[in-house]
Amino acid sequence: MVCNRCKMVVEQELQALGLHPAAIQLGEALLEESDLSGNQLEQLKERLLHLGFELLDDKRARLLEQIRTFIIETVHYKEQPTTLNFSQQLSQHLQHDYSYLSKLFSEVEGITIEQYLLLQKIERVKELLHYDELSLSQIALDMGYSSTAHLSAQFKKMTGLTPTRFKQMDASHRRPLDQVGKP
């Protein structure tokens, strides 16, 4: 789940199955029920799959989803910058050593956490450019870049376009957040 609409859809599906969500966050849902019957579990898997979601019951898969979700939340939804670097934030949040998280993510996803973070940042920059409410220097500051030049260089390297050229085009070059980092 990568957006509030996703959370709402999952909550509706859980309730339709007679389940009681205690909390729904990006990437995970906590149920009041402690155990689901085999039939309930199969129905849930089937309905989520039909909606484009999957039920993760493997510890490594859940951890990967938590990494992706944390990156998306950090890049797209966090208002306040932090003094910790990203690897420290991720390690602290998931309570795992960053080297373990990095190795796991790279093995499964085929890209590094840093590359995925960069791809998400570029998607966020595209969004902000499309809305045209902030200057490029404000976007660079908000996204944690050291300068507008650094953001522009990285944007061009990743998209083949300068931020100004992208802004002049339509938003057809944007990708859904759950597709970022996938071929």
Practice item. Find the residue count for segment 116-167, including only residues that are outside any loop (DSSP other than H, G, I, E, B) and touching a His at 6+ places or on another chain (Cβ under 9 Å). Key: 9
Practice item. Kindly list the number of the only condition in (1) more than 30 Å from residue 152 (Cβ to Cβ); (2) surrounded by 16 or more Cβ atoms within 10 Å (Cβ to Cβ) that fails for residue 86. Key: (1)
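Evaluate the following for residue 111: is it within 30 Å of residue 157 (Cα to Cα) and touching a Cys at 6+ places or on another chain (Cβ under 9 Å)? So that I can check it myself, show each step before the final result.
Working: within 30 Å of residue 157 (Cα to Cα): yes; touching a Cys at 6+ places or on another chain (Cβ under 9 Å): no.
It is false that residue 111 is within 30 Å of residue 157 (Cα to Cα) and touching a Cys at 6+ places or on another chain (Cβ under 9 Å).
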Review point. So which helices (runs of 4 or more DSSP H) stay within segment 1-92 end to end and still have 3 or more residues that are modelled with pLDDT of 85 or more and outside the structural domain of residue 145 (by TED's automatic domain parsing)?
Key: 4-16, 38-50
Exercise for review: Say whether the condition of being closer than 30 Å to residue 128 by Cα and not hydrophobic (A, V, I, L, M, F, W, C) is met by at least one residue in segment 38-53.
Suggested key: yes
Revision key, fill the gap. The lone condition residue 114 fails out of (1) among the charged types (D, E, K, R); (2) modelled with pLDDT under 90; (3) under 19 Å from the mean Cα position of the chain (by Cα) is (2)
Check your understanding: Would you pick out the residues in segment 98-125 that are under 30 Å from residue 163 (Cα atoms) and among the small types (Gly, Ala, Ser)?
Key -> 102, 106, 110
Practice item. Check off (1) within 21 Å of residue 6 (Cβ to Cβ); (2) over 14 Å from the mean Cα position of the chain (by Cα) for residue 70 and give me the number that stays unchecked. Key: (2)
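The values are calculated or read from the model by the stated rules, or taken from the named source; none is laboratory data. Worth saying up front: this structure is predicted, and the values here are computed from it rather than measured. Cβ: placed from backbone, ideal geometry, glycine included. Neighbour counts: every protein chain shown.
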